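K.L.:
Okay, here's the structure, questions in a sec.
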Amino acid sequence: MNLNFLDFEQPIAELEAKIEELRYMGSDNDLNMHDEITRLQDKSRELTESIFSKLTAAQIAQLARHPQRPYTMDYIDKIFTDFEPLHGDRAFADDKAIIGGPARLDDQPVMLIGHQKGRDTKEKIANNFGMPRPEGYRKALRLMEMAERFQMPILTFIDTPGAYPGVDAEERGQSEAIAKNLQVMSQLKTPIICTVIGEGGSGGALAIGVGDRVNMFQYSTYSVISPEGCASILWKSAEKAPEAAEALGLTAHRLQELKLIEDIIPEPLGGAHRDPEQMADNFAGSLRETLQQLQQLSLSDLLEQRYQRFMAFGV
Amino acid sequence: MSWFEKLIPSRIRTDAKGHRAVPEGLWHKCPMCQTVLYQAELERHQQVCPKCSHHMRISARRRLERFLDEDNQVELDAELEPQDRLKFKDSKKYKDRIQVAQKKTHEKDAMISMSGSIFDVKVIACAFEFKYMGGSMGMVVGEKFVRAANRALAERVPLICFAASGGARMQEALFSLMQMARTSAVLGKLKEQGVPFVSVLTDPTMGGVSASFAMLGDVNVAEPKALIGFAGPRVIEQTVRETLPEGFQRSEFLLEHGTVDLIIDRREMRARLATLLAMLTGQDSPKTEPDQGLLSSPETESSS
């Protein structure tokens, strides 16, 4: 089994292995395998298209958490210039699960804030797998208030399993830190664009997710609880996670149908990790367009629309 | 029939079935100090054990009826009913769960709200019904809170909310998560306008409710020994793989860590919140009276 591929992608993995093999043979002896390779590549693309055209919610949840999926920092590197990461909540510590700081999108100064999971084991542990503690949310808040003072639009990148459930986090007021962000973000006098780039885990995601637009990558998820958590509570068995994923309707398409999010940012065939450059291009395009729309609004219209956007999720 | 009963001559045998020496529900055992309490006495103490002051859970309706002055209570937005927007189904249908909860609690959803006063200080108050699906917050709960807040804003009277909730309602999925944003946003308006919000955290206040409006009070009050936190103790235990310290996530723990302002006994709540809110709204100090002398135990009363 090829670990670069998820279980439902195994037929693609087999084809890709065959292509690799032919390439190897082709370079070894002078046989021209070119036609055969092209034929198999076409087949592989068709197969991928067919598999990806009918993904289940559970499969999309797997893609959203794919170990090779690009993280916030990857997009910052590819899309922005002059990024200066700022650290700490000025009170307790610097939480690496949330990164942020000013940067430029083309010429426009913006404030970037995002969850950062870790790539290798060491980084994963340092970043607590992208699960922020209160100081992370308070750092985000500090940067957002700074952005307001200097009239910089705020772009947030959501990619977290959730806020960290730990003793220290509770001691320092995890609930209060999240709640405060929700309230302040609803009133910040600057445009806010929130994008779910991977995993949108509940309150831990929402704490940097109150904005004028909430967009999602095609294979990202956004949910009130993880499918596993939901399954173990409501079905009393974590094995029912696929059913829970379906019932929770956590995919971009379903949430757009329900008018809970605005745009879906398309991913390259096979998911963002198959072509991070392409993904970054798609993302940058969406950010430019959305930012331009928001900057045409007067401040009072912007704030009123943001307020009404959330008030609309009522009875 | 047991061997002993067989020994008793049939003419003096009594049939135990259908007879109970004590009617059901007349007595209640305090789960903390094990004292057997007379139900009417417990009622008078608003479900607080008169012996050990253990705060038992109380229904939302009963709480507000006892909290507000008797003469001008008006229930708000009582008509709001839950909707199953997602046709959610787990091991049971959400629709069926709603029916069961409604039957059990005689409430339409997990929150009720009322306008009224406490010692003539006008307030809007809402309370969670924990027995209704664990007091979980879905769209109706969020809506009632937002409407209560808007009303407080329009009338410029303080808002009080008694939270008792396991968190967001899973069956309403992301719609319930969005209630965290809505309820927090509307409190932003109260803050702007200088309309006070007092959040009373009661046992238990967890998850999405604690991580939104419940922590955003101008004053955060807790009832004694209430469980209050973001993640549930079991989840934390599984994450950190150690047993949690005694008293972790209880009101006293939160007070010590600076998350809540005050811990107030339920029987004192009316008087102390009235006094506090009168100060925040520039009214004369209300003439409060201790709630029927409930706080001093019968023994001390007789000795004094």
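K.L.:
Taking the Cα atoms only, what angle lies between the long axis of helix A:10-28 and the longest principal axis of chain A, rounded to 10 degrees?
P.N.:
Result, in degrees: 60.
K.L.:
If each DSSP helix of 4+ residues adds -39,500 (n - 2.57) and the sum is divided by the residues in the protein assembly as shown, what number results at 222 nm, nearest 500 deg cm²/dmol?
P.N.:
Mean residue ellipticity, 222 nm, calculated: -12000 deg cm²/dmol.
K.L.:
Related question: Can you work out the Karplus-derived ³J(HN,Hα) for every residue in the stretch A:124-138? Use 6.51 cos²θ - 1.76 cosθ + 1.60 with θ = phi - 60°, whole Hz, and x for glycine or proline.
P.N.:
Each residue's phi maps through the Karplus curve to give 4, 5, 4, 8, 6, 6, x, 9, x, 9, x, 5, x, 5, 6 Hz.
K.L.:
Okay, moving on. With r defined as the distance between the Cβ atoms of B:VAL100 and B:ARG57 and R0 fixed at 22 Å, what FRET efficiency is calculated, to the nearest 0.05?
P.N.:
So the FRET efficiency works out to roughly 0.75.
K.L.:
Quick check for me: using +1 on Lys/Arg Cβ and -1 on Asp/Glu Cβ, what's the dipole size of chain B about its Cα centre, in debye to the nearest 20?
P.N.:
Dipole size: approximately 1340 debye.
K.L.:
What list of ³J(HN,Hα) values in whole Hz, one per residue of the stretch A:34-42 in order, does the Karplus curve 6.51 cos²θ - 1.76 cosθ + 1.60 (θ = phi - 60°) give from phi, with Gly and Pro shown as x?
P.N.:
Residue by residue, the stretch A:34-42 yields 3, 4, 5, 4, 4, 4, 5, 5, 4 Hz.
K.L.:
Label the stretch B:159-216 by shape, choosing from rounded, prolate and oblate, from the square roots a ≥ b ≥ c of the eigenvalues of the Cα gyration tensor; if a/c is under 1.5 it is rounded, and otherwise prolate applies when a/b is larger than b/c, oblate when it is not.
P.N.:
In terms of gyration-tensor shape, oblate.
K.L.:
Right, here's the next one. Relative to the longest principal axis of chain A, what angle (0 to 90°, nearest 10) does the C-alpha long axis of helix A:174-185 take?
P.N.:
Tilt of helix A:174-185: around 80 degrees.
K.L.:
Moving on to the next point. For peptide B:227-236, how many partner chain Cβ atoms fall within 10 Å of a residue's Cβ, on average? List each step's numbers first, then the result.
P.N.:
On the way: counts 0, 2, 7, 17, 11, 1, 3, 1, 4, 6.
Averaged over the peptide's residues, the number is 5.
K.L.:
Now, a different point. With 32 Å as the limit, write out which pairs from A:LYS259/B:LYS189; A:LYS259/B:LYS122; B:LYS191/B:LYS287; B:LYS51/B:LYS104; B:LYS6/B:LYS104 have Cα-Cα distances beyond it, or answer none.
P.N.:
Beyond 32 Å between Cα atoms: A:LYS259/B:LYS122; B:LYS6/B:LYS104.
K.L.:
Could you work out the equivalent-ellipsoid semi-axes for the stretch A:122-211, taking the square root of 5 times each eigenvalue of the Cα gyration tensor, largest first, in whole Å?
P.N.:
Values for the stretch A:122-211, descending: 22, 15, 11 Å.
K.L.:
Checking understanding here: applying a Kyte-Doolittle mean of at least 0.0 and a length along the axis of at least 20 Å (C-alpha), which whole DSSP H helices in chain B pass?
P.N.:
B:139-155, B:173-193
K.L.:
Per-residue Cβ counts within 10 Å, from other chains only, averaged over B:209-220: what number is that?
P.N.:
5
K.L.:
If you don't mind, another one. Over all pairs of distinct alpha carbons, what does the Kirkwood formula give as the hydrodynamic radius of chain B, in Å?
P.N.:
Evaluated over chain B, this radius sits at 21.1 Å.
K.L.:
Would you please give the residues with an amide H less than 5 Å from that of B:PHE88, counting only those at least 5 places away or on a separate chain, with H modeled from the backbone geometry?
P.N.:
Excluding prolines and chain starts, which carry no amide H, the hits are B:TYR94.
K.L.:
Along the charge dipole of the protein assembly as shown, pointing to its positive end and built from +1/-1 on Cβ of Lys, Arg, Asp and Glu, which listed residue (B:CYS33, A:MET279, A:PRO70) has its Cα farthest out?
P.N.:
Selected residue: B:CYS33.
K.L.:
Given the Cα-Cα distance of A:ALA312 and A:GLU246 and 0.36 nm per residue of separation, how much length would full extension add, in nm?
P.N.:
Values: separation 66, 0.36 × 66 = 23.76 nm, distance 2.41 nm.
Fully extending the segment from A:ALA312 to A:GLU246 adds 21.3 nm.
K.L.:
Given axes a ≥ b ≥ c from the Cα gyration tensor, I'd like to know whether the stretch A:162-315 is rounded (a/c under 1.5), prolate (a/b larger than b/c) or oblate.
P.N.:
Working: a/c = 1.76, a/b = 1.19, b/c = 1.48.
Since a/c reaches 1.5 but b/c is at least a/b, the shape of the stretch A:162-315 is classed as oblate.
K.L.:
Would you work out which of A:GLY203, A:ILE158, A:ILE193 lies farthest towards the positive end of the dipole of the stretch A:132-207? Charges go on Cβ: Lys and Arg +1, Asp and Glu -1.
P.N.:
Ranked along the dipole, the leading option is A:ILE193.
K.L.:
Applying a 10 Å radius around every beta-carbon, put B:184-195, B:78-89 in order of their mean neighbour count, most first.
P.N.:
Those peptides, ordered most packed to least, come out B:184-195, B:78-89.
K.L.:
Can I ask one more? At a Cα cut-off below 12 Å, give the aspartates and glutamates reachable from A:LYS139, other chains included and same-chain residues fewer than 8 away excluded.
P.N.:
Straight-line reach from A:LYS139, under 12 Å: A:ASP89, A:ASP94, A:ASP95.
K.L.:
So for the pair B:LEU255, B:ARG272, with labels modelled 7 Å out along Cα→Cβ, what separation do we get in nm?
P.N.:
With each label placed 7 Å out from Cα toward Cβ, I get 0.7 nm.
K.L.:
Looking at chain B only, what percent of DSSP beta bridges run antiparallel? Nearest 5 please. It would help to have the intermediate numbers written out before the result.
P.N.:
Values: 17 of 35 bridges.
Rounded to the nearest five, the antiparallel share is 50 percent.
K.L.:
Continuing with this model, one more query. According to the square roots a ≥ b ≥ c of the eigenvalues of the Cα gyration tensor, what is the shape class of chain A, taking rounded for a/c under 1.5, prolate for a/b larger than b/c otherwise, and oblate for the remainder? Numbers along the way, then the final one.
P.N.:
Working: a/c = 1.81, a/b = 1.59, b/c = 1.14.
Prolate.
K.L.:
Given the options A:LEU112, A:PHE5, A:MET146, identify the residue whose Cα lies farthest towards the positive end of the charge dipole of chain A (+1 on Cβ of Lys, Arg; -1 on Cβ of Asp, Glu).
P.N.:
In chain A, that residue is A:MET146.
K.L.:
Taking the Cα centre of the stretch B:148-260 as origin, sum charge times position over the Cβ atoms of Lys and Arg (+1) and Asp and Glu (-1), and report the length of that vector in debye to the nearest 20.
P.N.:
I would put it at about 400 debye.
K.L.:
Quick one: dipole size for the stretch A:5-75, taken about the Cα centre, charges +1 on Lys/Arg Cβ and -1 on Asp/Glu Cβ, in debye to the nearest 20.
P.N.:
With only Lys, Arg, Asp and Glu charged at Cβ, the dipole is about 420 debye.
K.L.:
Using Cα positions and a limit of under 14 Å, work out the aspartates and glutamates in reach of B:LYS108, with same-chain residues fewer than 8 apart set aside.
P.N.:
By straight Cα distance, B:LYS108 reaches B:GLU75, B:ASP77, B:GLU79, B:GLU81, B:ASP84, B:ASP96, B:GLU129, B:GLU143.
K.L.:
I've got another one for you. For peptide A:177-189, what's the mean number of Cβ atoms from other chains within 10 Å of each residue's Cβ?
P.N.:
Whole-number average of other-chain Cβ neighbours for A:177-189 is 6.
K.L.:
How large is the convex hull of the C-alpha atoms of the stretch A:16-85 per residue, in Å³?
P.N.:
166 Å³
K.L.:
If each residue of separation counts as 0.36 nm, what is the full-extension length gain between A:ARG149 and A:ASP301 once their alpha-carbon separation is subtracted?
P.N.:
Separation in residues times 0.36 nm, less the Cα-Cα distance, equals 52.8 nm.
K.L.:
Taking amide hydrogens as modeled 1.01 Å from N in the peptide plane, which residues meet the under 5 Å criterion relative to B:PHE119, leaving out close sequence neighbours?
P.N.:
Long-range HN contacts for B:PHE119: B:ASP69.
Coordinate-derived values only; no laboratory data. What you see is a predicted model; the values in this text were computed from it and never measured. Reconstructed Cβ throughout: ideal geometry from the backbone, glycine too, with neighbour counts over all protein chains shown.
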